[in-house]
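Heads up, the thing below is written out as structure tokens.
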Amino acid sequence: MTTEVARLRRRRSPSMAASANDDSALAGSAAAEAPVPDELAHWSSGLPQPAVRSLADAVTQVLLAGDEPLRAAFLARSLTALARVVPSLDSETLGDAVGKPSDYAVLLRVLREPAVLATLEAGDPLAEAYLRGLEIDAEILRSEGGIMTVEEVARHLGITRQAVDKRRRAGQLLALPIGRHRYAYPAWQFDPSGVLAGFEDVMDEFFAIGPWTRAAFFLGENTSLDGRRPLDELRHGNIDGVRRAAGALGQHGAA
């Protein structure tokens, strides 16, 4: 057993001991005490110590996050998928990926590789479509000034957080779900004086259209507007034209 594997076991044990009455914790503790597979005995022999520590810390975070059966199952399947695709990545791709500014961007970078897509699509023919959807969502979050938190929106509008939530539920503000009970507000729906003029009127035109699709509508070129973006047209005061375009999208979505 390597020093790093032993360190992982020592770091895992206290959390397991603290929840010894929990069935899943007991199962995890038993797993932590299981013999280390032979293939792990020399897993770090060719790695520099900083890389070993970095990987060991990441594995520790995974172990600590898998503190419930469903979480453990999700992590196990996700890591198995990564383990399948990593051997197909060359040094150039890996180097480019690890240079990305976020862990999320690292995943998106490697998952778009043809070799990786081929592996993924062997189990799911729609894998590429799913990944493209993730890339579009990421681009929406970065576009036109990025996103704002509910607290930032409240300060900008001079209202309470509760008032922001109320306007979100009423469909007056565009909020993108980014987690359990967490929302990101695209900054481009605001101007220095408050909400962009006409924005709420356009939001009223949508029917049965989800928030991500609404965001894509504002940021994408629109044939009803001669190829111009609805967001740009709103900024230029073409509220009626953007409302008609949004209404057409709403009717299409309801069909």
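None of the figures in this text is laboratory data; all of them are computed from the coordinates on show. Everything quoted here is computed from the prediction, not taken from an experiment. Every residue, glycine among them, receives a Cβ derived from its backbone with ideal geometry; neighbour counts consider all protein chains shown.
Sort out for me the Cα centre separation of the range 61-110 from the range 225-240, rounded to whole Å.
For the range 61-110 versus the range 225-240, the Cα centre distance is 40 Å.
Across 10 Å bins from the origin, how do the percents of Cα pairs in the range 144-254 run, short distances first?
14, 49, 31, 5
Would you grab the residues whose amide H sits under 5 Å from the one on residue 190? Only those 5+ places off in sequence or on another chain, please, with H modelled 1.01 Å from N.
Placed amide hydrogens put 196 under 5 Å from residue 190.
Whose amide H sits under 5 Å from the amide H of residue 173, counting only residues 5 or more places off or on another chain, with H placed in the peptide plane?
Hits under the 5 Å cutoff: 168.
When ranked by the protection proxy of mean other Cβ atoms within 10 Å per residue, highest first, what sequence do the peptides 162-172, 87-97, 146-156 form?
With the highest mean Cβ count within 10 Å placed first, the list reads 146-156, 162-172, 87-97.
Read phi for every residue in the range 55-63 and hand back ³J(HN,Hα) as whole Hz from Karplus 6.51 cos²θ - 1.76 cosθ + 1.60, θ = phi - 60°, with x for Gly and Pro.
5, 4, 5, 5, 5, 4, 4, 5, 4
Which value in nm describes the separation of the simple spin-label points at residue 240 and residue 62, placed 7 Å from the Cα toward the beta carbon?
With each label placed 7 Å out from Cα toward Cβ, I get 5.9 nm.
Check which residues have an amide H placed less than 5 Å from residue 183's amide H, if you skip close sequence neighbours.
For residue 183, whose amide H was placed from the backbone, the distant partners under 5 Å are 178.
Within the range 160-185, whose backbone N sits under 17 Å from a point 7 Å along Cα→Cβ of residue 139?
none
Between residue 49 and residue 163, with labels modelled 7 Å along Cα→Cβ, what's the label distance in nm to one decimal, could you check?
A separation of 5.8 nm, rounded to one decimal place.
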